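Have a look at the structure below before the remarks.
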Amino acid sequence: MALPKVAVIAAGSMGAAVGRRLTTAGLTVFTNLDGRSPATRSRAQEAGLKDVSLSHIAQHADWVLSILPPKDAYNFAKAFGDTHASSATNRPLNFADCNAVNPETVKRVSSLFAGTSIKFIDAGIIGGPPQDDYDPTFYASSAPADADVLNEFVRLSKYGLKIKALKGEGADIGDASALKMSYAGIAKGVIGLYSTMILAAHASSPATAQALLEELTISQPYLAQHLIRGVPSMLPKAYRWVAEMEEISNFVGNGLAATRSGAQIGDATKGEPVHEGHIHYGFARLYENVARSLEEGKGGDVTEVKVLKDFVEQAKKVLPRKE
């Protein structure tokens, strides 16, 4: 039986690492580097990916794994669908959307392929890029009628990926993305909460921030340890987390808040409806400000990033004395 040919779009840090897993297993892995940076091109080359046109992918790939920033997920799927429709063969293939998007977005992406020879898989990646003995998990779901395609996706586990199918009552397109939103909403939301309260305490006064640090290390040492690990690793990724937080906000707003009457509470000061999804919308603004601060702070000025870094460094010094 011939080995599957896989296209990974795009060759960012996650996509290139996933591609490397597949090429190491002996698969041919395509990508498209049109308009990509030298750094991306270098990653793709090191991972053994073959740079080809979307038309070539449409005519030769068995699987397309879309691994993109959330804002690009729909536009890429549309562009690929249009390319596939106009290709000479219009051959059957499978498309897995592996992006951090909310269920409504992934259903819009899926609808692009309705009535075509492209079968769709909803997938969410939980974890960082594959490296050494570590692999993130691809959670996947499909329409009930496409259970065979979902099983085929799981079989890609033979080539170095870690894939788990969501099966059981009610499983459908959107469920894997809902899982991704829920998990990221906790994991990245907690980092947002830490950062927000550190910055708020410091805005009150440096003395307040110092007292917060000391109290956390005394009464919540586990949280302090988690903060020390999580906040620094967030800083270079903050710009990427903005759109993801917005997707999570929409997921919560369209899901939880919509399941019960009276979920929206009027804001007396602004006359605007408020629901739980606004929590992550606020984190999106936080990460947006952190990313801006990271850029503006290169000159050495006091910035939000410096406040967070200083808090973490002080916590590292205090924690050993509290253990």
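The values are calculated or read from the model by the stated rules, or taken from the named source; none is laboratory data. All values derive from a computational prediction rather than experimental measurement. Every residue, glycine as well, gets a Cβ built from its backbone with ideal geometry; the counts of neighbours run over all protein chains shown.
Things worth noting here:
- Conditions (1) in contact (Cβ under 8 Å) with a residue 60 or more places away in the chain; (2) more than 26 Å from Lys78 (Cβ to Cβ); (3) not acidic (Asp, Glu); number of the one not met by Ile191: (1)
- In the range 130-162, the residues that are in a strand (DSSP E or B) and in contact (Cβ under 8 Å) with a residue 24 or more places away in the chain: Gln131, Thr137, Phe138, Tyr139, Ala140, Ser141, Lys162
- Residues of the range 38-77 satisfying the condition of being within 17 Å of Lys119 (Cβ to Cβ), surrounded by fewer than 18 Cβ atoms within 10 Å (Cβ to Cβ) and not polar (S, T, N, Q): His60
- Residue within the range 303-322 that is modelled with pLDDT under 75, exposed (fewer than 15 other Cβ atoms within 10 Å of the Cβ), farther than 15 Å from Leu199 by Cα and touching a Pro at 6+ places or on another chain (Cβ under 8 Å) present: yes
- Test: residue in the range 272-282 that is closer than 23 Å to Ala176 by Cα, buried (at least 21 other Cβ atoms within 10 Å of the Cβ) and either modelled with pLDDT of 95 or more or not polar (S, T, N, Q) (or both): yes
- Unique match (being surrounded by fewer than 15 Cβ atoms within 10 Å (Cβ to Cβ) and within 14 Å of Gln59 (Cβ to Cβ)) among Ser117, Ser111: Ser117
This table checks each residue for (1) farther than 26 Å from Asn250 by Cα; (2) of a type in the set (A, V, I, L, M, F, W, C); (3) at pLDDT 95 or above.
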{"position": "Ala39", "(1), (2), (3)": "yes, yes, no"}
{"position": "Leu54", "(1), (2), (3)": "yes, yes, yes"}
{"position": "Trp63", "(1), (2), (3)": "yes, yes, yes"}
{"position": "Leu68", "(1), (2), (3)": "no, yes, yes"}
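Condition check ((1) in a loop (DSSP other than H, G, I, E, B); (2) modelled with pLDDT of 95 or more) across all residues:
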position	(1), (2)
Leu216	no, yes
Gln225	no, yes
Ile228	no, yes
Val231	no, yes
Val242	no, yes
Asn250	no, no
Ala263	yes, no
Ala268	yes, no
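- Of the candidates Val106, Val101, the single residue that is outside any loop (DSSP other than H, G, I, E, B) and of a type in the set (A, V, I, L, M) is Val106.
- Test: residue in the range 109-119 that is in contact with a helix residue (DSSP H, G or I) (Cβ under 7 Å, 6 or more places away or on another chain), within 18 Å of Ile248 (Cβ to Cβ) and in the same structural domain as Gly19 (by TED's automatic domain parsing): yes
- Subset of the range 213-237 that is over 19 Å from Ile125 (Cβ atoms) and without any contact (Cβ under 8 Å) to a residue 60 or more places away in the chain - its residue that is surrounded by the fewest Cβ atoms within 10 Å (Cβ to Cβ): Tyr222
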